[in-house]
Amino acid sequence: MTHRHLLPNEIDLLLDEESGFGVLPLREHVRGCGDCRARLDAAKRVASRLAEVPLISPRFGLADRVMARVPVFVPWHVAARDSVTRWIPTGRAPRLVAAVALGIVGMLVSGTTLWVAANGDVLSMLTGLAGEGVQRAATNAAGDLVVAVFGTQLVTVLQQSGPLGVGLAAAGFLGASLVTVFGLRRVAASTRARS
């Protein structure tokens, strides 16, 4: 074993005073190699100094305080499972009641789904009528809001000019807004510079 120096794990074996199949050649190598003997002696000095260090026990609750600050990643499927298990009753009677309630809800959902599938045309007609009513109400409300904000004359001009007039009016409004914002910023900057 004279062709190489000892590896750190081999020095650890000698330091721990292990006895086994491969330890005898390591001891023979240390007797003949001054560098490995010096490294083993240094390791023995460190181990003896560490043995002299007093044991320190942490205060109660240290682990809890440390773990409270450690962000723990919980996979979505574990979080979902934990959420579901919180809702499952633990006693036999509450579980029976929950199972019956779940069965009733399942039957109601299934029955509703079958009714919608069988009467889809009626439901489609009803939702179409409701949608048209909501659309008409939203359009009227938007029109009333535009009239209240801009006045009837502007609305009349926009209706006569068509989409091009609406686009030009929107561009003019945006341009005026930008000029106003930049003007106010300039006034604020000049006021700050004076004070």
> Are any of the residues in the range 140-152 outside any helix (DSSP H, G or I), over 43 Å from the mean Cα position of the chain (by Cα) and either surrounded by 10 or more Cβ atoms within 10 Å (Cβ to Cβ) or β-branched (Val, Ile, Thr) (or both)?
Replying inline: yes
> Any residue in the range 66-87 that is surrounded by fewer than 10 Cβ atoms within 10 Å (Cβ to Cβ), over 30 Å from ILE11 (Cα atoms) and over 32 Å from the mean Cα position of the chain (by Cα)?
Replying inline: no
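Which of the following residues is assigned to a helix (DSSP H, G or I), among the basic types (Lys, Arg) and over 30 Å from VAL100 (Cα atoms): ARG81, ARG37, ARG86, ARG59? Explain how you work it out, then say what you get.
Numbers: ARG81 fails: over 30 Å from VAL100 (Cα atoms); ARG86 fails: over 30 Å from VAL100 (Cα atoms); ARG59 fails: assigned to a helix (DSSP H, G or I).
Step by step, each of ARG81, ARG37, ARG86, ARG59 is checked, and only ARG37 is assigned to a helix (DSSP H, G or I), among the basic types (Lys, Arg) and over 30 Å from VAL100 (Cα atoms).
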>> Name the residue that is modelled with the highest pLDDT, counting only residues in the range 102-137 that are farther than 30 Å from TRP87 by Cα and among the hydroxyl-bearing types (Ser, Thr, Tyr).
In response: THR127
>> Out of ARG81, ARG92, ARG27, ARG69, I need the residue that is under 30 Å from LEU6 (Cα atoms) and either in contact with a His (Cβ under 6 Å, 6 or more places away or on another chain) or free of Cβ contacts under 8 Å to residues at least 24 places away in the same chain (or both). Which one?
In response: ARG27
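Is it the case that the range 177-195 has a residue that's basic (Lys, Arg) and surrounded by 11 or more Cβ atoms within 10 Å (Cβ to Cβ)? It would help to see each step written out before you state the result.
First, the residues of the range 177-195 that are basic (Lys, Arg): 185-186, 192, 194.
Subset that is surrounded by 11 or more Cβ atoms within 10 Å (Cβ to Cβ): none.
There is no residue in the range 177-195 that is basic (Lys, Arg) and surrounded by 11 or more Cβ atoms within 10 Å (Cβ to Cβ).
The values are calculated or read from the model by the stated rules, or taken from the named source; none is laboratory data. These numbers were taken from a predicted model, which means no experiment stands behind them. Using ideal geometry, Cβ is built from the backbone for each residue, glycine included, and neighbour counts are taken over all protein chains shown.
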